[in-house]
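Student: One structure, pasted below without further comment.
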Amino acid sequence: MVKAKVYIFEKQFDGFPKSGDLKIIEEELPPIKDGEFLAEAVYLSVDPYMRARAQFLKLGEPFIGFQIAKICESKNPEFPCGKHVLGFFGWRTHTISNGIHPEKDRKSTLIPDELNDLPLSLSLGVLGRPGNSAYFGFLEICKPKEGETVVVSGASGAVGSIVGQIAKIKGCKVIGIAGSDEKCKWITNELGFDHAINYKTEDVDAVLRKLSPEGIDCYFDNVGGEISSTVIHHLKKFGRVSICGAISGYNETSKVKSIYRPIISNELTLEGFLVARWVDRWDEGIKQNLKWIKEGKLKYRETITEGFENMFTAFTDMLSGKNFGKAVVKV
Ligand SMILES: NC(=O)c1ccc[n+]([C@@H]2O[C@H](COP(=O)([O-])OP(=O)(O)OC[C@H]3O[C@@H](n4cnc5c(N)ncnc54)[C@H](OP(=O)(O)O)[C@@H]3O)[C@@H](O)[C@H]2O)c1
């Protein structure tokens, strides 16, 4: 009999998540039936959307999330023993699944053999949803042109670090906004961003005016709130904004300039997206990002926390900005 460790959503988050909000239990798993497989978690993802979606989750149920797991028993020929699967199984060590999920972008998929020479965990990052959020969310919505100026917030994170590099590949001038000097150094020195702004110590408005007095063409927004209200005032006429996320939403807002004046007077295009919009083109994003990695044009970084028991810490560390690139947990 296999025992799974599972994080149960015990208490609705009130502000920043607290350790008692989730609790680990042990669950005895039954034998697998025809059409099912048993998989053991190898890497689990911790992502901002988990905090945002928590308000819609039922208490007493396993906490949500994607993981990469090794199939250890199978009665489903599509998911053979020994292969690795990407599944929306939640925060748990062992899962019985038939691979099906009502939402197309959450059904289980085998990790393709062509990724075998790269770390498995990348399928949770640059070669997974964050990478595709960057690829599609930036290229399809911002439609960047060579020579244009692009601003990216959350610039050192899983999505933002890839957006800035894709913008460089497309010949743009790229300004990243991140939360520490170390992150700013990483995105400029290692990833090739042209400039970085530390939003915790610098005046974003004043620095943007200095770095790009002529204004900016595209803004890829991971954070929302005060940073975005400031950036939007710097967009040129017909500027484009791709709204990927709003992680700063947990902070109370202070006096911010209304974003509506520049939206109207500059006839801006702002568009929010869910990466699932491109589920039918999913492989295109993965293949292009993989090609850029192999050509040395796209770099990735991961912040890996060891131990299933440390998942909650990995989650809150990510929410408070301790991660560079994608935050993952290795079981
Ligand atoms: N639309 C979609 O389909 C989709 C898909 C994936 C992700 N997303 C969204 O994309 C955004 C980035 O996700 P990710 O996975 O790449 O996360 P991430 O950037 O790797 O990690 C979160 C980062 O957010 C920053 N942050 C935390 N609080 C902040 C605040 N108050 N103001 C500004 N920055 C803050 C921190 O970096 P600093 O040190 O710089 O503060 C932290 O490292 C999130 O908003 C997420 O919800 C959307």
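Student: Output the qualifying pairs, or none if there are none: Cβ atoms under 8 angstrom, residues six or more apart or on different chains, first residue in the range 304-331 and touching a residue at least 12 places away in the same chain (Cβ under 8 Å) and at positive phi, second residue away from the ligand (no atom under 11 Å from the Cβ) and assigned to a strand (DSSP E or B).
Tutor: Listed pairs, sorted by first residue: 307/329; 307/330.
Student: Something else now. Checking the conditions here, which among 137, 125, 131, 87 is out of contact with any strand residue (DSSP E or B) (no Cβ under 7 Å at 6 or more places or on another chain) and of a type in the set (Gly, Ala, Ser)? Full working, then the answer.
Tutor: Details: 137 fails: out of contact with any strand residue (DSSP E or B) (no Cβ under 7 Å at 6 or more places or on another chain); 125 fails: out of contact with any strand residue (DSSP E or B) (no Cβ under 7 Å at 6 or more places or on another chain); 87 fails: out of contact with any strand residue (DSSP E or B) (no Cβ under 7 Å at 6 or more places or on another chain).
Going through 137, 125, 131, 87 in turn, the sole match is 131.
Student: On the basis of being in contact (Cβ under 8 Å) with a residue 40 or more places away in the chain, crowded, with 23+ Cβ neighbours inside 10 Å and more than 17 Å from residue 286 (Cβ to Cβ), does residue 137 make the cut? Outline the logic, then answer.
Tutor: Working: in contact (Cβ under 8 Å) with a residue 40 or more places away in the chain: yes; crowded, with 23+ Cβ neighbours inside 10 Å: yes; more than 17 Å from residue 286 (Cβ to Cβ): no.
No, not satisfied.
Student: If you don't mind, another one. What number of residues within the range 187-208 satisfy the criterion of being assigned to a helix (DSSP H, G or I) and among the small types (Gly, Ala, Ser)? Working first, answer last.
Tutor: Looking only at the range 187-208, we keep the residues that are assigned to a helix (DSSP H, G or I), and these are 187-190, 204-208.
Those still in the list that are among the small types (Gly, Ala, Ser) too: 206.
Qualifying residue count for the region: 1.
Student: Pick from 90, 137: which is outside the structural domain of residue 242 (by TED's automatic domain parsing) and either within 16 Å of the ligand (Cβ to nearest atom) or in a loop (DSSP other than H, G, I, E, B) (or both)?
Tutor: Details: 137 fails: outside the structural domain of residue 242 (by TED's automatic domain parsing).
Residue meeting the stated conditions: 90.
Student: With within 11 Å of the ligand (Cβ to nearest atom) and charged (D, E, K, R) as the only criterion, which of 168, 183, 237 stands out?
Tutor: Numbers: 168 fails: within 11 Å of the ligand (Cβ to nearest atom); 237 fails: within 11 Å of the ligand (Cβ to nearest atom).
It is 183.
Student: When the range 182-218 is examined, which residues are found to be of a type in the set (A, V, I, L, M) and farther than 16 Å from residue 150 by Cβ? Break it down stepwise before answering.
Tutor: We begin by selecting, within the range 182-218, every residue of a type in the set (A, V, I, L, M); these are 187, 191, 196-197, 204, 206-208, 211, 216.
If the condition is that a residue be of a type in the set (A, V, I, L, M) and farther than 16 Å from residue 150 by Cβ, then 206 is the only one that fits.
Student: Follow-up. Pull up the range 278-331, narrow it to residues that are aliphatic (A, V, I, L, M), within 14 Å of the ligand (Cβ to nearest atom) and under 29 Å from residue 141 (Cα atoms), then point me to the one that is surrounded by the fewest Cβ atoms within 10 Å (Cβ to Cβ). Working first, answer last.
Tutor: Quick first cut of the range 278-331, residues aliphatic (A, V, I, L, M) only: 279, 286, 290, 293, 298, 304, 311, 314, 318-319, 327-329, 331.
Still in the list and also within 14 Å of the ligand (Cβ to nearest atom): 279, 304, 314, 318-319, 327-329.
Subsequent filtering for residues that are under 29 Å from residue 141 (Cα atoms) retains 279, 318-319, 327-328.
Working: 279: 14, 318: 24, 319: 19, 327: 25, 328: 27.
Per the criteria, the residue is 279.
The values are calculated or read from the model by the stated rules, or taken from the named source; none is laboratory data. Remember, it's a predicted structure, so these values are computed and weren't measured experimentally. Reconstructed Cβ throughout: ideal geometry from the backbone, glycine too, with neighbour counts over all protein chains shown.
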